[in-house]
Amino acid sequence: MRQIVCACGLLLTFLHTPALADGAARVVRIGALLPISGAGAYFGVQDREGIDLALDQLAKSPPGGARFDVHIEDSACSPLPATQAARRLLDGYRPDIIIGEECSDATLAVMPLVLQAGVPLLNAGSSALRITDPGNRETFRILPDEVMQGEDLANHAYRDLGARNAVLLHENTNAGIGNAAIFARRFAALGGKVVQTIGFGRDVNDFTAIATRIAALGPIDVIPTYTLEGQGLKITEALAQAGVVRGGGGHAVQLGTIWLPLGFDQQAGKAAEGYVRIVQFEPRDPRPVVQDFVAAFQAKFGHQPTHISAHAYDQIMLIADAVRRGAATPAAIRDRLAATRGFSGVTGSVVFDEHNQNVSRDTIHYVETEADGSFKPLDWK
Amino acid sequence: MSDVPSPVAAASLPAAECRPGWPGRAGAAATLGIVAILPLVLRDSYGRGLLIAGALNVIQALGLDLILGFAGQLDLGAAAFYGIGAYVSTLLVMLAGVGFWPALALGTLAAGVMGGVLALLTVRLRGHYLAIASLGFAVITYQVLLNWISLTQGPLGLYGITPPAGFTDPVRLFYLIAACAVLVFAALRALLASPVGATLAALREDEISAASLGIDCRRWKAFAFAVGSAVAGLAGGLYPGFAGTLVPDAFAPADSFGVLAMVIVGGIGTLRGPVLGAVVLTLAPELLRGIGDARMIVYGLALTLVVLFMPGGLDGAWRMAAARLRRNQAG
């Protein structure tokens with residue numbers, strides 16, 4: 001009797017140990033530093049959806065037979081919580097690679113820790129130049145940096161929209177200041193005039209005074225705006241109420257980069273009419289990889305993916321691509337990532353330069369918001 | 001008005017903290033022993049990081065408790081003095097080439113002077129009005145740190161800050177900060193056990209009565225603010241070497257409420273309370289990480305329950321439990 005009980009116990013243990021049951025499948029441990037709390041919490045929610053979908057798909061056809069496990073820590077879009085969360089990940093979870101953070105301040109704070117630990121960090125949401133210039137050996141970024149986005153936006157504002165003057169609005173953060181400065185430099189070099197640059201803290205909730213100030217400046221062609229979604233909505237509404245932008249019967253066109261997710265247009269409604277911005281993910285992109293992703297996402301979550309979900313999905317799939325190419329250790333994952341060629345993600349392709357910055361320009365898509373809250377792609381190359 | 005502190009009957013420290021018996025001394029020795037052993041037991045950098053963060057919070061909470069708990073001045077600007085200490089010391093090191101230790105001393109001094117000046121400017125204010133004035137000071141300080149980009153780098157931040165020479169190892173850094181916390185504790189205990197403590201208690205209980213006893217309330221308020229702010233500045237000076245970065249968001253005005261919560265939850269007007277509060281409120285959010293997204297809800301709920309059902313904070317609850325135990329044993 002005792003032998004039978006022991007045998008049953010061993011059998012149960014065997015069946016409930018996935019590594020053994022799956023023939024000791026190698027587990028790729030992915031740590032995720034995501035803002036789950038604070039002003040950037042919406043990033044974390046959308047990131048998680050992209051991660052979940054990617055894991056589902058990888059479980060069905062595991063590259064190299066590997067199993068992927070993701071452990072998320074709340075890094076709160078802020079340096080000290082992010083470093084503590086990174087320490088917790090590195091010590092407790094011992095990841096093969098880390099993805100995140102979304103906010104530049106937090107990413108910059110975490111970078112020395114991953115360098116010291118020799119664990120690669122794959123970033124998709126922070127645009128500050130310093131992350132990859134100079135960056136460090138372990139840090140990779142698939143998002144176009146602020147120079148790629150800012151200069152491209154200034155070029156199109158001047159040439160395609162015929163803008164000759166601009167008012168810049170930015171949150172007072174690393175990324176906000178950096179993005180605005182790059183646009184201003186390029187726009188001025190083209191012959192445009194920056195009439196005013198207005199910075200604000202993340203605690204500002206009422207933008208009526210700023211909108212009124214802009215209205216008093218006379219006709220403004222473009223208003224590049226660098227802020228997170230919550231403040232972005234309030235700014236757009238205030239500018240429309242002040243009659244500055246097209247959505248409020250004015251002349252100015254608001255411009256933006258990838259800070260605002262898809263869905264912003266519906267929330268802002270008529271106020272956002274004419275808003276031109278860079279998105280990193282275009283759900284109507286006819287490429288099969290995009291359409292398959294959109295269909296699978298819609299089926300799993302019941303709503304359209306945002307660029308944030310798409311970024312998270314691409315991060316996991318890019319790691320899977322490195323594993324497929326034989327990476328089995330953090331150092332090997334880093335080396336395979338650096339050698340990435342021909343990876344085509346839902347946000348675009350990936351080719352890293354010597355600073356581990358993705359230099360593919362097909363990651364930049366432009367859209368313009370229509371009066372009914374929908375948006376149309378702009379064929380700007 | 002006399003320069004000599006007036007002997008006031010009201011005790012400024014609980015008797016157990018003023019004249020600890022053998023259980024108190026044994027408890028203090030055991031606490032020091034635990035502090036010495038902890039970084040050797042917690043071998044990972046996350047655990048050691050938590051210890052360092054906890055020690056920094058202990059220093060901050062002790063500084064605020066002097067102003068709030070012992071002098072009765074409702075100060076909501078703790079984050080500002082923490083930030084002043086951090087930025088002054090770091091900028092002195094990075095821009096002026098001053099050594100870490102003199103820079104730390106100057107950062108501490110700068111925070112103390114600013115605290116004293118704020119107290120002198122707001123000398124007529126009490127209660128809510130003083131709270132708003134000090135909160136206003138925190139907002140101004142934050143905006144200065146954020147917008148004086150040519151000096152502080154503003155939101156672009158200062159990166160690559162290293163711990164002082166000889167303390168790059170996290171264990172050593174913890175011992176350094178923990179030693180500072182112990183020194184602050186001992187210095188405040190000596191101060192509060194002296195007639196100064198009684199003077200501050202008189203000020204806290206009733207300013208008019210204190211003035212009628214010959215106490216220069218203006219001067220003693222400024223004194224408490226200056227010393228408490230200097231203590232916060234000391235913590236601030238030690239922070240950048242640990243974090244490695246310095247951005248104004250680390251000293252946002254709302255962070256003052258976190259320090260206030262440590263003092264209140266631990267036990268206001270005692271020295272053990274803020275230490276207990278700082279340790280518990282540093283560890284609790286981390287220990288709750290296991291329950292996932294609900295952790296901050298549980299944390300907030302726990303804070304509310306402590307304030308509702310433990311009016312004397314954790315230290316008060318401990319005292320009550322100990323007293324009850326003694327009564328039961330005697331009965």
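The values are calculated or read from the model by the stated rules, or taken from the named source; none is laboratory data. Every value quoted in this text rests on a predicted model; they were computed, and no experiment measured them. All Cβ positions, even for glycine, are placed from backbone atoms using ideal geometry, and neighbour counts span all protein chains on display.
Results, tabulated for the structure shown:
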{"read-out": "Residue check, B:ALA30 assigned to a helix (DSSP H, G or I) and modelled with pLDDT of 95 or more", "value": "no"}
{"read-out": "In region B:123-155, residue surrounded by the fewest Cβ atoms within 10 Å (Cβ to Cβ) [restricted to those that are over 26 Å from B:ALA224 (Cβ atoms) and of a type in the set (A, V, I, L, M, F, W, C)]", "value": "B:LEU151"}
{"read-out": "Residue list for region A:312-356, filter: surrounded by fewer than 19 Cβ atoms within 10 Å (Cβ to Cβ) and in contact with a Gly (Cβ under 6 Å, 6 or more places away or on another chain)", "value": "A:ARG324, A:HIS355"}
{"read-out": "Residue that is nearest to the other protein chains (Cβ to nearest Cβ) [pool: residues in region A:162-198 that are surrounded by fewer than 22 Cβ atoms within 10 Å (Cβ to Cβ) and charged (D, E, K, R)]", "value": "A:ARG185"}
{"read-out": "Check on B:GLY136, outside any helix (DSSP H, G or I) and out of contact with any Phe, Trp or Tyr (no Cβ under 9 Å at 6 or more places or on another chain)", "value": "no"}
{"read-out": "Matching residues, region A:123-148, being in a helix (DSSP H, G or I), surrounded by 23 or more Cβ atoms within 10 Å (Cβ to Cβ) and not aliphatic (A, V, I, L, M)", "value": "A:GLU146"}
{"read-out": "Cross-chain or 6+ apart pairs with Cβ under 8 Å, region B:124-152 first and more than 14 Å from chain A (Cβ to nearest Cβ), then among the charged types (D, E, K, R) and surrounded by 14 or more Cβ atoms within 10 Å (Cβ to Cβ)", "value": "B:ARG126/B:GLU207; B:LEU130/B:ASP75; B:ALA131/B:ASP75; B:SER134/B:ASP75"}
{"read-out": "Selection status of A:SER61, out of contact with any strand residue (DSSP E or B) (no Cβ under 9 Å at 6 or more places or on another chain), closer than 27 Å to A:PRO112 by Cα and assigned by TED's automatic domain parsing to the domain that holds A:ALA124", "value": "no"}
{"read-out": "Residue identified as facing chain B (nearest Cβ under 10 Å) and either of a type in the set (Ser, Thr, Tyr) or under 23 Å from A:VAL350 (Cβ atoms) (or both) among A:ALA82, A:ALA106", "value": "A:ALA106"}
{"read-out": "Any hit, region A:149-169, residues being under 22 Å from B:ALA252 (Cβ atoms) and either assigned by TED's automatic domain parsing to the domain that holds A:PRO224 or out of contact with any strand residue (DSSP E or B) (no Cβ under 7 Å at 6 or more places or on another chain) (or both)", "value": "yes"}
{"read-out": "Which numbered condition A:ARG284 fails, given (1) surrounded by fewer than 22 Cβ atoms within 10 Å (Cβ to Cβ); (2) at pLDDT below 95; (3) assigned to a helix (DSSP H, G or I)", "value": "(3)"}
{"read-out": "Count of region A:110-138 residues which are within 13 Å of chain B (Cβ to nearest Cβ) and either β-branched (Val, Ile, Thr) or over 22 Å from A:PHE352 (Cα atoms) (or both)", "value": "4"}
{"read-out": "Residues satisfying the stated conditions in region A:25-34, i.e. over 12 Å from the mean Cα position of the chain (by Cα) and modelled with pLDDT of 90 or more", "value": "A:VAL27, A:VAL28, A:ARG29, A:ILE30, A:GLY31, A:ALA32, A:LEU33"}
{"read-out": "Exclusive hit being more than 14 Å from chain A (Cβ to nearest Cβ) and closer than 22 Å to A:LEU90 by Cα, set B:LEU51, B:LEU62, B:LEU38", "value": "B:LEU38"}
{"read-out": "Flag if B:ALA86 is farther than 18 Å from B:PHE223 by Cα and part of a helix (DSSP H, G or I)", "value": "yes"}
{"read-out": "One residue from B:ARG272, B:ARG319 being modelled with pLDDT under 90 and of a type outside the set (Val, Ile, Thr)", "value": "B:ARG319"}
{"read-out": "Matching residues in region B:33-83 - criterion: being touching a residue at least 40 places away in the same chain (Cβ under 8 Å) and not in a helix (DSSP H, G or I)", "value": "B:ALA71, B:GLY72, B:GLN73, B:LEU74, B:ASP75, B:LEU76, B:GLY77"}
{"read-out": "Complete set of residues in region A:154-168 that are part of a helix (DSSP H, G or I) and in contact with a helix residue (DSSP H, G or I) (Cβ under 6 Å, 6 or more places away or on another chain)", "value": "A:ALA154, A:TYR158"}
{"read-out": "Qualifying residue in region B:252-266 (condition: farther than 30 Å from B:PRO195 by Cβ and over 21 Å from the mean Cα position of the chain (by Cα))", "value": "no"}
{"read-out": "Close pairs from region A:174-189: first of a type in the set (A, V, I, L, M), partner assigned to a helix (DSSP H, G or I) and surrounded by 20 or more Cβ atoms within 10 Å (Cβ to Cβ), Cβ under 7 Å, at least 6 apart", "value": "A:ALA175/A:SER104; A:ALA175/A:GLU146; A:ILE177/B:PRO155; A:ILE177/B:LEU156; A:ILE182/A:GLU146; A:ILE182/A:GLY150"}
{"read-out": "Elements of type helices (runs of 4 or more DSSP H) contained in region B:242-314, each with 2 or more residues being surrounded by 17 or more Cβ atoms within 10 Å (Cβ to Cβ) and away from chain A (no Cβ under 11 Å)", "value": "B:255-266, B:272-287"}
{"read-out": "Some residue of region A:54-66 being modelled with pLDDT of 95 or more and in contact with a Gly (Cβ under 6 Å, 6 or more places away or on another chain)", "value": "no"}
{"read-out": "Residues of region A:199-225 classified as crowded, with 16+ Cβ neighbours inside 10 Å and either over 24 Å from the mean Cα position of the chain (by Cα) or more than 12 Å from every other protein chain (Cβ to nearest Cβ) (or both), total", "value": "11"}
{"read-out": "Answer from A:HIS311, A:HIS355 - the residue that is in contact with a Ser or Thr (Cβ under 7 Å, 6 or more places away or on another chain), closer than 18 Å to A:LEU121 by Cβ and not in a helix (DSSP H, G or I)", "value": "A:HIS355"}
{"read-out": "Boolean, A:VAL114 is in a helix (DSSP H, G or I), at pLDDT 95 or above and in contact with a strand residue (DSSP E or B) (Cβ under 6 Å, 6 or more places away or on another chain)", "value": "yes"}
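Results for (1) of a type in the set (Asp, Glu); (2) in contact with a strand residue (DSSP E or B) (Cβ under 7 Å, 6 or more places away or on another chain); (3) in contact (Cβ under 8 Å) with a residue 60 or more places away in the chain, shown as yes or no for each residue.
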position	(1), (2), (3)
A:LEU260	no, yes, no
A:GLN266	no, no, yes
A:LYS270	no, no, yes
A:ILE278	no, yes, yes
A:PHE281	no, no, yes
A:VAL289	no, yes, no
A:ASP292	yes, no, no
